[in-house]
Amino acid sequence: MAATAPQVDKTPTLDVERVRREFPILDRTVNGRPLVYLDSGASSQRPIAVLRAVEEYETHSHANIHRGVHALSQAATEAFEGARERVRRFINARSTKEIIFVRGTTEAINLVAQSYARTRLTAGDEIIVSALEHHANIVPWQMVCEQTGATLKVAPINARGEFLFDEYLKLLSPRTKIVAVAHVSNALGTILPVKKIVDAAHAQGAIVLVDGAQAVPHSHVDVRALGCDFYAFSGHKIYGPTGIGVLYGREELLQAMPPWQGGGDMILTVSFDKTTYNDLPAKFEAGTPNISGAIGLAAAMDYIESLGIDAIAAHEHHLVELASAELQKIPGIQLVGTAPIKASIVSFVMDGVHPHDLGTILDHEGVAVRTGHHCAMPLMTFLGLPATVRASFAVYNTENDVKSLVAALGKAREVFG
C-alpha cells in the first residue's frame, strides 16, 4: 500500500513581533499602559519605511512637480509619477491615465458624482447604494439626485449584516444608471460580492463605483478582474499618509468626463476666450498635489507587498475569529454584524452601557477602539442601535491585543455592574 503524502500547511504566516518593531508608535503608552491600537479601520499606523520615504522626499527632494526644468523639480516629478505607476500595479489598472490622485475616498466619490453623474442623469434615472454604506457613499449621491431629479434606491441587508443579492437584483432596471457599493463595510466588516454586483449592474447598462477604503489593506484588489468602472480608496487606511487617496476610473469614462475643478496643471492652454484641458490624469488634478503623500502611499504599497497580502489576510482573519469567540464569552456582550464573510472588523455592544462610555473605560486601559455610528447612521437605524464599539485589526495586532481587549471589557463590566 502506497504511503500517503504528508499534508503541507500552505497558509502564509507573518512574523508579527518583527512587524510590530517596524511601527514606532506601538512603543508608546496610554494612561500608563502599553498602547493596544484597535482603530486601524479609522486610520492605520505607519511603518518606518513609509515615515522614512516621506522624510527623504521632504528633506532632500521637495519641489513642485511638472514643468520645472531644475533638478529638484525633475526628481520630485519622477517620484510622484513613479508613485502613480506603483498604484497602477497594485490594483492592476491598465494605464496610469486611469489613476487619479485625490485627498481620499470621499473626494474620489464626490468627483465621480459631480463630473460623471451630475452631467448625465435626468429625472427618472436611478442610483443604487447598499444599506451598509458609509456616509461618503450616500451623501454625494443624494446631492446628485437633488441636482438632477434622479432617485436613490437602497439595496437591503439582513440582521447579520449580509448584502441581500436577490433583493438587489429586483431593484435593477433599465432606469438604473449607477450602482455605488462598499467593497467592505466599515462598520461591520462585511465583504460584499462585488464581482456579482458589477456583472448584474452591467447587464442593465449601469456603471459601478466601488468604495474600497476598507478592502485594499486586507485583500488583493484587481480592478480589471472585478470589472468595476470606478474604484476609490484612501492612503491612511493602508499604512500610508493622510490627505492622499486614489480614484481609479476606466480610461474611456474619464476621457468623456468634464474636469471637476479648474486651476493649474489641468490645462493645456488658457486665454480669456477659451481654455483647453490637459490629458488624463492631469485633467482631474488641479493645483499642487500632495506630493509627499503620494510618495508615502507608494512606500506603503511596497511594504504591504513585502509582507504578502495573503499572509496579512490570514493573520487578520485569525484575530477576527479569536476576538469574536472571546467576546461572546463575556456576559452582556452582543456582536453586531455576523456575516460569515468578513474582513478585519468586530463590532459589538454591551448591555446597559453606552458605547461611548465603554470606549472611555477601554481607553483608560490603553485600548484604542472606535465608538459611535461610524459614519453609517442609516445602518445603525436599521440595526436599532445608536452606536457600537468597533475593534479593527491590522498587520501589527496580536493575540495579546485580543486578550487586552477582553480584559479591559471585563473591567468595564465590573464598573457598570
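The values are calculated or read from the model by the stated rules, or taken from the named source; none is laboratory data. Nothing here was measured: the structure is a model prediction, and the numbers come from that model. Cβ sites come from the backbone with ideal geometry, for glycine too, and all protein chains shown count toward neighbours.
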Original post:
Are any of the residues in the range 259-272 under 15 Å from V102 (Cα atoms), of a type in the set (V, I, T) and exposed (fewer than 13 other Cβ atoms within 10 Å of the Cβ)?
Top reply: no
Original post:
If you take the residues in the range 362-417 that are at pLDDT below 95 and surrounded by 17 or more Cβ atoms within 10 Å (Cβ to Cβ), which one is nearest to the chain's Cα centre (by Cα)?
Top reply: A412
Original post:
Tally time: how many residues in the range 193-206 are assigned to a helix (DSSP H, G or I) and surrounded by fewer than 20 Cβ atoms within 10 Å (Cβ to Cβ)?
Top reply: 6
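A quick yes/no check of all residues on (1) closer than 18 Å to L111 by Cβ; (2) more than 12 Å from the chain's Cα centre (by Cα); (3) acidic (D, E):
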| residue | (1), (2), (3) |
| --- | --- |
| C228 | yes, yes, no |
| A232 | yes, no, no |
| I238 | no, no, no |
| G243 | yes, yes, no |
| R250 | yes, yes, no |
| P258 | yes, yes, no |
| Q261 | yes, yes, no |
| L268 | no, yes, no |
Original post:
Among the residues of the range 328-347, is any farther than 23 Å from V30 by Cα, touching a Lys or Arg at 6+ places or on another chain (Cβ under 6 Å) and either outside the structural domain of R84 (by TED's automatic domain parsing) or small (G, A, S) (or both)?
Top reply: yes
Original post:
Counting just the residues of the range 339-361 that are surrounded by 18 or more Cβ atoms within 10 Å (Cβ to Cβ), within 25 Å of the chain's Cα centre (by Cα) and not small (G, A, S), which one comes out farthest from A412 (Cα to Cα)?
Top reply: K342
**OP:** Starting from the range 269-295, keep only residues that are among the hydroxyl-bearing types (S, T, Y), then list their pairs with residues that are buried (at least 19 other Cβ atoms within 10 Å of the Cβ) whose Cβ atoms are within a distance under 8 Å, requiring at least 6 positions of separation or different chains.
**Re:** Y277/M266; Y277/K283; T288/I65; S292/V54; S292/Y57; S292/P241
Original post:
Only one of A282, A298 is closer than 25 Å to T242 by Cβ and either crowded, with 22+ Cβ neighbours inside 10 Å or under 18 Å from the mean Cα position of the chain (by Cα) (or both); which?
Top reply: A298
Subject >> Single residue of T381, T360, T371 found to be without any contact (Cβ under 8 Å) to a residue 60 or more places away in the chain and in contact with a His (Cβ under 6 Å, 6 or more places away or on another chain) >> reply: T371
Subject >> Filter pass, T338 being of a type in the set (S, T, Y) and farther than 23 Å from P193 by Cα >> reply: no
Original post:
Any idea which residue in the range 285-295 is surrounded by the fewest Cβ atoms within 10 Å (Cβ to Cβ), counting only those that are of a type outside the set (D, E, K, R) and in a loop (DSSP other than H, G, I, E, B)?
Top reply: G287
Original post:
With E167, E133 as the choices, which residue is of a type in the set (D, E), out of contact with any helix residue (DSSP H, G or I) (no Cβ under 6 Å at 6 or more places or on another chain) and closer than 30 Å to A394 by Cα?
Top reply: E133
Original post:
For the range 161-171, what are the residues that are hydrophobic (A, V, I, L, M, F, W, C) and either touching a residue at least 40 places away in the same chain (Cβ under 8 Å) or in a strand (DSSP E or B) (or both)?
Top reply: F163, L171
Subject >> Hey, E85 touching a helix residue (DSSP H, G or I) at 6+ places or on another chain (Cβ under 7 Å), at negative phi and among the acidic types (D, E) or not >> reply: yes
Original post:
If you check A53 against the conditions, is it buried (at least 19 other Cβ atoms within 10 Å of the Cβ) and over 30 Å from V369 (Cα atoms)?
Top reply: no
Original post:
Is at least one residue of the range 224-240 in contact (Cβ under 8 Å) with a residue 40 or more places away in the chain, farther than 19 Å from K97 by Cα and among the polar types (S, T, N, Q)?
Top reply: no
Original post:
In this structure, does A314 turn out to be surrounded by fewer than 17 Cβ atoms within 10 Å (Cβ to Cβ) and in contact with a Ser or Thr (Cβ under 6 Å, 6 or more places away or on another chain)?
Top reply: yes
**OP:** State whether one or more residues within the range 6-26 are at pLDDT 95 or above, over 30 Å from P140 (Cβ atoms), outside the structural domain of F284 (by TED's automatic domain parsing) and within 21 Å of the chain's Cα centre (by Cα).
**Re:** yes
Subject >> Restricting the range 172-192 to residues that are of a type in the set (A, V, I, L, M) and either part of a strand (DSSP E or B) or out of contact with any strand residue (DSSP E or B) (no Cβ under 8 Å at 6 or more places or on another chain) (or both), the residue that is surrounded by the fewest Cβ atoms within 10 Å (Cβ to Cβ) >> reply: I191
